[in-house]
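Remarks on the structure that follows.
The values are calculated or read from the model by the stated rules, or taken from the named source; none is laboratory data. On a predicted model such as this, the values are computed, not experimentally measured, just so you know. Positions of Cβ are generated from backbone atoms using ideal geometry, with glycine treated the same way; all protein chains shown enter the neighbour counts.
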Amino acid sequence: MKKLILFLTVPLMIWSCGSDKSKMEQRDVKQYSIEQFYQNTNYIGGSFSPDESKLLVSSNASGIYNLYALQIGGDGIDTLTQNEKESYYAISYFPSDERVLFTADQGGNELNHIYLLDLDGSIRDLTPGEKEKASFMKWSDDKKTFFYISNLRDPRYFDLYEMDIENFDATLIYENNDAFNPSDISNDKRYLALAKTILRDQSEMYLYDLKEKNMRLLSPEGEKASYRPLEFSHDNEKLYFTTDAGSEFNYLSAVDLASGEMEKVFSTDWDVVYAFHSESGQYRVVLVNEDAQSKIHLFNSADGSKVDMKALDGLGVTAINFSPSEKQVQVTAADSRSPSDLYVYHLESKTKTPLTNSLNPDIDKDDLVEGQVVRYASFDGLEIPSILYKPHQATADNKVPVLVWVHGGPGGQTRVSYSPLIQYLVNHGYAIIGVNNRGSSGYGKTFYALDDKRHGEDDLQDCVLAKEYLATLDWADTSRVGIIGGSYGGYMVMAALAFEPEVFDVGVNIFGVTNWLRTLKSIPAWWESERIALYNELGDPFSEDSIRLHKISPLFHTQNVTKPLMVLQGANDPRVLQVESDEIVEGVRANNVPVEYVLFPDEGHGFRKKENEIKGYGQIKTFLDQYLKWGD
């Protein structure tokens, strides 16, 4: 299963010289403030306008995400919304005009609605149920309606609806009473693809015939493998899906709906994360998670040949999206030293047009640090892949403190990508190693399952053993090592301080779980389709598993915590309730241990507002400077 993803969403002065291999050429490195790092402008999404002259995006240029239109032919940008309270995330332009669909929740509660931004600037909530959670699926083939899923009828399950774009009347297409996950509807509106999670490493794929009203299992009955439907072919004859059947990694396949025959379409030695076709079916896009980096492949569907995109060489392309004519492609590209930027690639001329420059111009990219993939052996010899960020000023004569960074999840992955917080801390002399402990995604299904009902034990030891690897680096000061993480990573921070109290010198817990019994009993209603698999992976709090869940919950072991702790929490978090952080702070403070608690009344599970990121992440550095960077 591993869909929980509970979380989660940098220069001193002079090099030293010498003969040691870690010593590098002397040069100055400029340091930047937290405000400068968050003066970067993030851009998300990219939907072409009907005439292909604009690109609809979300951006936090105003301090919170709003809607903007980027002019493809020039350097102009139009502001479409100016909301100061909630983040607005773009979905799509309408197919024939410049009305806009977008989504937003309320204060971070994750109850997303679908909204209409009309041509006159007015906004209408199209899914206004008080406790409704709705997600856009796709436009219909005739472009007169769109499909979306919603839990309006029953908060546990997502039904499929079709809404016309003239009167905005919604019609229930499929009533879901069996914890299915609707994935796609065929262009002729006859077939619905559904997934059903059985166990963490087992899911089934179904086809529902909306005309005949019957359900058909497409994946082999009882097979212990993952099947995830993606999309129907343009001619409605095939269904594309990913599976790891007979393999360590997910690959792309297709099933013929008439015969049931399956064929492998694309595979590699890494996970195929997703794939889709352009609307006409001419092009096929495949995204691969290759050693913690996104790799995009674009093919001609007819003959399988690769499309020439040499103009994009050197860019870390993470996503692409086709224009209506399929003559242009919106490209998102980033690397660990630069936030995502948007380009338009012109398929006929094989040229690209840059649309954004996200990195704050006051920051010299050369002062930032490239993430390096490294590996080390854990307690049982298992190889642990990680991402290492070495500050420019670190040498054998100028050792630096280190932070062990733990991702969210469980089942997430630290990737080679841009993080302003990581770069900020590294810029100020903290090395960071992002540990992909056992149970992380991206390294095969065996590795993925190794922490099942071993959370807070073997995965924690993977983080502890990072210190032995760090001791082999002559520039790393292993007398000053902290641990930091968000959501599940925040749990690992607290587990480390409670169960391995002498290993790390400080801990920074961002929205972290501290009481698994409460967290697993209070999961949001809309997680019902994943609940059994979640309990299978972590433990059922209503069974004898509760004994182990109590044992691994740091809240019940706060008397062991002796090292300084910082906790950040959103008051509206529906996943990790505020009481989790309130109680862990109270428990650790009872030990007369320094604790800094930063509560954000207008955030949920993660930050949406720049001002809160600046406040929270800025205070992290202040905390670390006091309790970890002593002696500098």
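Yes or no: segment 560-567 includes at least one residue that is over 25 Å from the mean Cα position of the chain (by Cα), among the hydroxyl-bearing types (Ser, Thr, Tyr) and over 16 Å from residue 496 (Cβ atoms). Even if it seems obvious, please write down each step before you answer.
Keep residues of segment 560-567 that are over 25 Å from the mean Cα position of the chain (by Cα), which gives 560-565.
With the extra rule that they be among the hydroxyl-bearing types (Ser, Thr, Tyr), the set shrinks to 562.
Restricting the remaining residues to those that are over 16 Å from residue 496 (Cβ atoms) gives none.
No: segment 560-567 contains no residue that is over 25 Å from the mean Cα position of the chain (by Cα), among the hydroxyl-bearing types (Ser, Thr, Tyr) and over 16 Å from residue 496 (Cβ atoms).
Inside segment 548-577, can you point out the residues that are assigned to a helix (DSSP H, G or I) and hydroxyl-bearing (Ser, Thr, Tyr)?
Start the filter on segment 548-577 by keeping residues that are assigned to a helix (DSSP H, G or I), which leaves 548-552, 554-560.
Passing the criteria: only 558.
Pick out the one residue from 443, 430, 418 that is in contact with a strand residue (DSSP E or B) (Cβ under 7 Å, 6 or more places away or on another chain) and modelled with pLDDT under 95.
On the way: 443 fails: modelled with pLDDT under 95; 430 fails: modelled with pLDDT under 95.
Only one candidate passes the filter, namely 418.
Could you tell me which numbered condition residue 567 fails, if it satisfies all but one of (1) surrounded by 20 or more Cβ atoms within 10 Å (Cβ to Cβ); (2) touching an Asp or Glu at 6+ places or on another chain (Cβ under 8 Å); (3) modelled with pLDDT under 95?
All conditions are met except number (3).
Please determine whether any residue of segment 285-292 is surrounded by fewer than 16 Cβ atoms within 10 Å (Cβ to Cβ), outside any loop (DSSP other than H, G, I, E, B) and either outside the structural domain of residue 70 (by TED's automatic domain parsing) or of a type in the set (S, T, N, Q) (or both).
Yes: one or more hits.
Check every one of the helices (runs of 4 or more DSSP H) wholly within segment 440-510 and list those with 3 or more residues that are farther than 22 Å from residue 398 by Cβ. Spell out how you get there, then give the answer.
On the way: elements: 445-449, 458-464, 466-470, 488-499.
Per the criteria, 445-449, 458-464, 488-499.
What about residue 275, is it at pLDDT below 95 and in a strand (DSSP E or B)?
When the stated conditions are applied, residue 275 does not pass them.
Among 244, 184, 256, 269, which is under 29 Å from residue 298 (Cβ atoms), of a type in the set (Asp, Glu) and in contact with a Pro (Cβ under 7 Å, 6 or more places away or on another chain)? Break it down stepwise before answering.
Numbers: 244 fails: in contact with a Pro (Cβ under 7 Å, 6 or more places away or on another chain); 256 fails: in contact with a Pro (Cβ under 7 Å, 6 or more places away or on another chain); 269 fails: in contact with a Pro (Cβ under 7 Å, 6 or more places away or on another chain).
Sole residue among the options that is under 29 Å from residue 298 (Cβ atoms), of a type in the set (Asp, Glu) and in contact with a Pro (Cβ under 7 Å, 6 or more places away or on another chain): 184.
Of all the residues that make up segment 299-356, how many are among the acidic types (Asp, Glu), over 22 Å from residue 52 (Cβ atoms) and crowded, with 16+ Cβ neighbours inside 10 Å? Can you show your working first?
Within segment 299-356, the subset among the acidic types (Asp, Glu) is 303, 308, 313, 326, 335, 341, 348.
Going one step further and asking which of them are over 22 Å from residue 52 (Cβ atoms), we end up with 303, 313, 335.
Retained after the next criterion (residues that are crowded, with 16+ Cβ neighbours inside 10 Å): 335.
Of the residues in segment 299-356, 1 are among the acidic types (Asp, Glu), over 22 Å from residue 52 (Cβ atoms) and crowded, with 16+ Cβ neighbours inside 10 Å.
Only one of 528, 580 is closer than 19 Å to residue 499 by Cβ and at pLDDT below 95; which?
580
State which residue is nearest to residue 157 (Cα to Cα) when the search covers only segment 172-202 and only residues that are crowded, with 17+ Cβ neighbours inside 10 Å and of a type in the set (Lys, Arg).
Filtering segment 172-202 for residues that are crowded, with 17+ Cβ neighbours inside 10 Å and of a type in the set (Lys, Arg), the one nearest to residue 157 (Cα to Cα) comes out as 196.
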